[in-house]
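Heads up, the thing below is written out as structure tokens.
The values are calculated or read from the model by the stated rules, or taken from the named source; none is laboratory data. This is a predicted model, so every value here is computed, not measured. Cβ coordinates were reconstructed from backbone atoms using ideal geometry, including for glycine residues, and neighbour counts include every protein chain displayed. Surface areas here come from the heavy atoms of the whole protein model, side chains and all, with no ligands, DNA or RNA. Shrake-Rupley method; radii C 1.70, N 1.55, O 1.52, S 1.80 Å.
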Amino acid sequence: MITGSEMAVVDENAAALGVPRKQLMESSGNAVARAVKGVADPGASVTVVAGRGNNGGDALVAARFLDEYDLRVCLLGRAETITTAISRENWDALQRADYETEAVRDASAFDLGDPDVVVDAMLGTGISGALREPAATAAEATNDSDATVVSVDVPSGLDAESGELAGNAVEADRVVTFHDAKPGLADLDAEVTVADIGIPAAAERVVERGDLLRLRARQRDARAFVVGGGPYTGAPALSAQAALAAGAELSFVAAPETVADEIQGYAPDLIVQPYGGDHLTPDQVDDLVETATDHDDVVVIGPGLGTHEETLEAARRFLTDFEGPVVADADALSVVPEVDTDADVVCTPNSAELAELGGPEVDDLADETEAVAAVADELGHVVLAKGTVDVISDGDRTRINRAGNPGLAVGGTGDVLSGIVATLLDDLDPFDAACVAAHVTGRAGDALYDDRDRGYLASDVVEAIPQVLADARE
């Protein structure tokens, strides 16, 4: 089963892999036409009621495969307000080919007539709530008719996220849905057909530009809290700066007082909260957990933290006591298998760290997806294994990210990644946050790699992040 928003991601990923929406629409329309042919003999009257989006576009394609029927196409709204280019192309094609079409500009002017079959393509998977005009009037007329109703993807009025059916939704007899079933379809008194429209399996397996659509509903009020530093200062600063670049409202670094000023010196936007000593100890854990909990922070623990015995014990206690979202990176990763925690943890190991967690020690993880999934399943956490190809798994779902280039092997890019994951964890579930963060990092690196003959630094990747996110919002 797949929700409407997830389907939008898959559609866009398919386009990124070379199978554009226009091609998929041809397949969808053909599938709808086959369904009509399955319920009515040639010569029967068929009325297509199409909305102005891609759902309507699917039905406009179907019309071209129904020449042996007494066909009528009704567009709900003015033709000039069709919302997508490919749907407009298919509407224009029907005009030029002299199909019987009409645009319903006013709900009061809608007249369904008495067709044998109604193709319901008013509203698709991106709509929720009760139907509004002119769809409400068209749906009422459809439900009052004696026609066999064939709905495209979902009946108009079915929320493809929650599966809830609006009180004035279309009552379908048959539903032709695409690629996979949608929530709520199984509860309908209708025959549901799942049509294979040629979306490659890789559109769900590979993290691609469609996954960036998940960023459009972000609240952008995240607070990142990086627990790191001691032996090293650059790592926590990079992680915290990346969190800001990815959209965090505030970014804090909790670090030993001996290095706090140095970390602050990397960027004036960081808020450094020093604690006593030169490394993290168990004595500081209660205050850190309280701070992160009270402010609903997303935590990154590990960058530059060091491997002092007291520090590792402190990391264990923090992960045990903290119940919010947390990214375990670098030096904190080694204690994760020992910890029983209620926190939502994303682990971000490199190849050597993955091997310490029980996985393979290879740079190219493309053929090691099952091994990474096994590590995630054993840990009970999301694992984002960094390599030439990144592998992300929660034990059940596993995906790969191919964005990126050899320049991302430069020191510090792993810290950048952890900060991006932290910010995205505020809005997305851990698996999706890890997938999108890996892709954002890869795309930021690719932007630099395309523009420069020389190498680049992790700080350059931080600077490239906002443009990647801006592109995703277009």
Note to self: C-alpha centroids of the range 267-312 and the range 136-180 sit apart, in Å, by 53
Once Glu361 and Asn405 are pulled to full extension, the length gained, defined as 0.36 nm per residue separation minus their Cα-Cα distance, is 13.9 nm
Rounded to the nearest 5, the percent of DSSP beta bridges in the chain running antiparallel is 15
FRET efficiency for Arg397 and Lys22 from the Cβ-Cβ distance with R0 = 25 Å, rounded to 0.05, comes out at 0.30
Per the C-alpha gyration tensor (a ≥ b ≥ c, the square roots of its eigenvalues), the range 226-321 is rounded if a/c is under 1.5, else prolate if a/b beats b/c, else oblate; here it's oblate
Of the accessible area of the range 1-114, computed with a 1.4 Å probe and all protein chains kept, carbon and sulfur make up a percent value of 44
For the chain, the longest principal axis of the Cα atoms and the Cα long axis of helix 285-294 enclose an angle in degrees, to the nearest 10, of 30
Log10 I(q)/I(0) at q = 0.14, 0.18, 0.25, 0.32 Å⁻¹ for the range 335-383, from Debye over equal alpha-carbon scatterers, is -0.31, -0.51, -0.94, -1.40
Taking Cα atoms, the helix 4-16 axis meets the longest principal axis of the chain at an angle in degrees (rounded to 10) of 80
Between the modelled labels at Glu133 and Ala107 (7 Å from Cα along Cα→Cβ) the distance in nm is 0.5
Expressed in nanometres to one decimal, the distance between label points 7 Å along Cα→Cβ at Ala470 and Asp144 is 5.3
What helix-only [θ] at 222 nm does the chain give? Using -39500 (n - 2.57) per DSSP H run of at least 4, over all residues, to the nearest 500, the answer is -11500 deg cm²/dmol
Taking protein heavy atoms only, a 1.4 Å probe, and rounding to whole percent, the accessible area of the range 202-257 owed to carbon and sulfur comes out at 43
Quick calc: nm separation of the 7 Å Cα→Cβ label points for Asp296 and Asp342 -> 1.8
Taking every alpha carbon pair in the range 114-198 and sorting the distances into 10 angstrom bins from 0 up to the bin holding the longest one, the percent per bin comes out as 20, 55, 23, 1
Scoring the chain by relative contact order with C-alpha pairs under 8 Å, at least six apart, yields a percentage of 12
Placing one equal point scatterer on each C-alpha of the chain and summing with Debye, one gets log10 I(q)/I(0) at q = 0.05, 0.07, 0.09, 0.13 Å⁻¹ equal to -0.24, -0.45, -0.67, -1.03
Counting all Cα-Cα pairs in the range 344-474, those more than 21 Å apart amount in percent to 35
If the chain between Arg34 and Val194 were fully extended at 0.36 nm per residue, the gain over the current Cα-Cα distance would be 56.4 nm
Relative to the chain, whose Cα atoms define the longest principal axis, helix 135-144 and its Cα axis are tilted in degrees, nearest 10, by 50
Mean accessible area per residue over the chain (1.4 angstrom probe, all protein chains present, square angstrom) is 41
Scoring the range 149-249 by relative contact order with C-alpha pairs under 8 Å, at least six apart, yields a percentage of 18
